[in-house]
1. Just to confirm my filter: which helices (runs of 4 or more DSSP H) fall fully inside the range 198-281 and include at least 1 residues that are among the basic types (K, R)?
2. Could you list, in sequence order, all residues of the range 358-372 that are among the charged types (D, E, K, R), in contact (Cβ under 8 Å) with a residue 12 or more places away in the chain and assigned to a loop (DSSP other than H, G, I, E, B)?
3. Among the listed residues E99, E150, identify the single one that is touching a His at 6+ places or on another chain (Cβ under 6 Å), of a type in the set (D, E) and either without any contact (Cβ under 8 Å) to a residue 24 or more places away in the chain or in a helix (DSSP H, G or I) (or both).
4. Those residues that are over 17 Å from V36 (Cα atoms), buried (at least 17 other Cβ atoms within 10 Å of the Cβ) and in contact with a Ser or Thr (Cβ under 7 Å, 6 or more places away or on another chain), I need them from the range 106-127; list them, please.
5. If K87 satisfies all but one of (1) modelled with pLDDT of 95 or more; (2) not in a strand (DSSP E or B), what's the number of the condition it fails?
6. Output the residues belonging to the range 158-173 that are part of a helix (DSSP H, G or I) and either in contact with a helix residue (DSSP H, G or I) (Cβ under 8 Å, 6 or more places away or on another chain) or surrounded by 13 or more Cβ atoms within 10 Å (Cβ to Cβ) (or both).
7. Scan (1) at positive phi; (2) touching a residue at least 60 places away in the same chain (Cβ under 8 Å) for the single condition V112 breaks and write down its number.
8. Any residue at all in the range 228-237 that's touching a Phe, Trp or Tyr at 6+ places or on another chain (Cβ under 6 Å) and within 20 Å of I411 (Cβ to Cβ)?
Amino acid sequence: MAANCTASASKTKTKKKHFVAQKVKLFRASEPLLSVLMWGVNHTINELSHVQIPVMLMPDDFKAFSKIKVDNHLFNKENLPSRFKFKEYCPMVFRNLRERFCIDDQDYQNSVTRSAPINSDAQNRMGARFLTTYDKRFVIKTITSEDVAEMHNILKKYHQYIVECHGNTLLPQFLGMYRLTVDGVETYMTVTRNVFSHRLTVHRKYDLKGSTVSREASGKEKAKELPTLKDNDFLNEGQRIQIGDENKKMFLDKLKRDVEFLAQLKIMDYSLLVGIHDVDRAEQEEVEVEEKGEEEDCENDGMSHPVGSYGTPPDSPGNMLNFPRIFGLGEFDPTVDVYAIKSQDITLANFPDAPRKEVFFMAIIDILTHYDAKKKAAHAAKTVKHGAGAEISTVNPEQYSKRFLEFMSNIIA
């Protein structure tokens, strides 16, 4: 009788396990590389949670790494390859940076691992690939081994700078750097905070360097749904960033401080990424979505879906973004959308040049280009081609920073 009880109990247990299996993270993604990224970030954050937070970082932390090699991996083989390697660079440093950028490790882990990252059609001229986490909070970018070396070169000074400015910066917020080895191919990736909002749609996007030579988006780029436009496109459209005197001063002070820091590090070729959310257009789009939703509700017998929600898995844990506060049109949470600035609020109806109601997302991107021999050679070649006075992008870091700041000062009102 006792044996039967045991047998039935074990059967029940097995049954229960079958039902709760969905709670196990399966790291489902469209390709093995992304499954390995999800698995790796999940593993490293879990490992870090058992490591005591040190009072201060040591010089060795800036050279450290953790790595794991998985062989004959049988669990979850429909999603993960049977053999792969995952390496995290400077885990203690990036944990400290996440903390200084007010990003909780649990939230970071959930964003990267709860559902597969989403491919973006953005691609820079070096062929880097961009993805966003499913909740749009973070950007994952493939980088080169040279970028990894440059990150190691600047990491100590970058960390010190973030400490000194209390995380209040327009520089990229680096949150993790990894090497993934799948099928013998090594892929390097960084994770940064998304410059754009997880909630407010960006309607126009610019990559600005303060140079006008060959700084126009290609026809192929302009054909995209959300093309990345450049300096000449911005100027030719007569575009302005109208944020008011107070915001302009705060923004340019921060930009100047950041750019001077980059010049000290002999870094150049960075850009100001600008995203523009058009509040009136968003309102119109919301009306259209609601009307379409009402039509579908009639067809679906009253089954309704929330407007503007994104694909959050049903069993998502307590990520703050899964319980969003209710915001009005063009409103945002400055603790989440840290790069957002509202357009100047002019309420006079008869004001002839009143700016459109917009929200601007602006931050510096691509800061891993050092002024090395390759850039010097490119500068010499371009000077021969365009003449010594031409506004070419490959000048030295001091000239680059000066020209960059001058250009941004002129386009912001």
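1. Working: elements: 219-222, 231-236, 245-264.
The qualifying helices (runs of 4 or more DSSP H) are 219-222, 245-264.
2. Kept after step one, since they are among the charged types (D, E, K, R), are these residues of the range 358-372: 358, 366, 372.
Still in the list and also in contact (Cβ under 8 Å) with a residue 12 or more places away in the chain: 358, 366.
Within the range 358-372, just D366 meets the criteria.
3. E150
4. Here is the first cut: in the range 106-127, the residues over 17 Å from V36 (Cα atoms) are 106-107, 120-127.
So of that shortlist, the ones also buried (at least 17 other Cβ atoms within 10 Å of the Cβ) come out as 107, 122.
Passing the criteria: only A122.
5. (2)
6. Keep residues of the range 158-173 that are part of a helix (DSSP H, G or I), which gives 158-164.
Within the range 158-173, Y158, H159, Y161, I162, V163 meet the criteria.
7. All conditions are met except number (1).
8. So the first thing to find is which residues in the range 228-237 are touching a Phe, Trp or Tyr at 6+ places or on another chain (Cβ under 6 Å), and the list is 229, 234.
From what's left, within 20 Å of I411 (Cβ to Cβ): 229, 234.
Scanning the range 228-237, I find at least one residue that is touching a Phe, Trp or Tyr at 6+ places or on another chain (Cβ under 6 Å) and within 20 Å of I411 (Cβ to Cβ), so the answer is yes.
The values are calculated or read from the model by the stated rules, or taken from the named source; none is laboratory data. What you see is a predicted model; the values in this text were computed from it and never measured. A quick note on method: Cβ atoms are made from the backbone with ideal geometry, for glycine too, and the neighbour counts reach across all protein chains shown. Please note that ligands, DNA and RNA were not included when accessible areas were found on the heavy atoms of the full protein model with its side chains. Shrake-Rupley method; radii C 1.70, N 1.55, O 1.52, S 1.80 Å.
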